[in-house]
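Presented below is the structure to which this report refers.
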Amino acid sequence: MTITTYSNNQEYLKYGIKVLEETRQDDGKYKIIIAGSRTLTNYDEIKPIIDFYLSERINDKNLVIMSGMAKGIDEIGHRYAKEHNIAVEEFPAIWQVKGNYDRSAGYKRNLYMAKRSDALLAIWNGHSSGTGHMINIAKKYELDVRIKNLHHRIETEQELNNCWAVTRRK
């Protein structure tokens, strides 16, 4: 498994205007952001959702999971990639820039990831603003967006299949 971290990358530190001018370079990889609510932390509950979404691509050697490195779903997606020997690109938010706290670091990180990805799997509790922002950015950049809305604990496989929302790339 390959792990690439962008936290020390100078390009990433300057993402502002530059990232708005960039377009996704076709490198033959299929890059999927796995993101979601920080309060959703049960790996055993979330793993079947990721299995379901990645079922057709799980053996694709060109699959890359994009991780924002936040608690909750981001960490679960990262763990899933490690367990399945899937390449990972890490994009931790940079909250401190030149000694100043950047309140918009999470939003900037979301934009940076969306500009480099093909798809988003959002596992959401329905009210997390960071996940909502990631969904909106992904739709804006016409990523293949899949949203699993988990307002309550999943009890049956039918419930697992019933709460998907899909936005397909044009």
(Q) If I ask for residues that are modelled with pLDDT of 90 or more and of a type outside the set (D, E, K, R), which ones from region 112-128 would you list? (A) M113, A114, S117, A119, L120, L121, A122, I123
**Q.** Selection within region 129-170 - among the acidic types (D, E) and either modelled with pLDDT of 85 or more or closer than 15 Å to G72 by Cα (or both)
**A.** E142, D144
Q: Could you grab me the full set of residues in region 132-148 that are assigned to a strand (DSSP E or B) and either surrounded by fewer than 16 Cβ atoms within 10 Å (Cβ to Cβ) or among the hydrophobic types (A, V, I, L, M, F, W, C) (or both)?
A: V145, I147
Q: Go through (1) within 28 Å of D27 (Cβ to Cβ); (2) out of contact with any Phe, Trp or Tyr (no Cβ under 7 Å at 6 or more places or on another chain); (3) of a type in the set (G, A, S) one by one and return the number of the condition A105 breaks.
A: (2)
Q: May I ask you to list the residues in region 90-131 that are assigned to a helix (DSSP H, G or I) and of a type in the set (V, I, T)?
A: T131
Q) Just one of I65, I94 is open to solvent by less than 80 Å² (accessible area, probe 1.4 Å) and touching a strand residue (DSSP E or B) at 6+ places or on another chain (Cβ under 7 Å); which is it? A) I65
Q) When region 76-110 is examined, which residues are found to be under 19 Å from T39 (Cβ atoms) and under 10 Å from the mean Cα position of the chain (by Cα)? A) G77, H78, N110
**Q.** E75 being open to solvent by less than 50 Å² (accessible area, probe 1.4 Å), among the acidic types (D, E) and outside any loop (DSSP other than H, G, I, E, B)
**A.** no
Q | Long-range neighbours under 8 Å by Cβ, at least six apart or interchain, first residue at positive phi within region 123-150, second open to solvent by less than 30 Å² (accessible area, probe 1.4 Å) | A | G126/L150
Q) For residues in region 34-62 being in contact with a Gly (Cβ under 8 Å, 6 or more places away or on another chain) and part of a loop (DSSP other than H, G, I, E, B), which is surrounded by the most Cβ atoms within 10 Å (Cβ to Cβ)? A) S37
Q: Tell me, please, whether a residue that is open to solvent by 40 Å² or more (accessible area, probe 1.4 Å) and either out of contact with any His (no Cβ under 8 Å at 6 or more places or on another chain) or not hydrophobic (A, V, I, L, M, F, W, C) (or both) can be found in region 108-119.
A: yes
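The values are calculated or read from the model by the stated rules, or taken from the named source; none is laboratory data. Please read these numbers as outputs of a predicted model, since none were measured by experiment. Note: ideal-geometry Cβ built from the backbone for every residue, glycine included; neighbour counts use all protein chains shown. We work out accessible area using only protein heavy atoms, side chains counted, and drop any ligands, DNA or RNA first. Shrake-Rupley method; radii C 1.70, N 1.55, O 1.52, S 1.80 Å.
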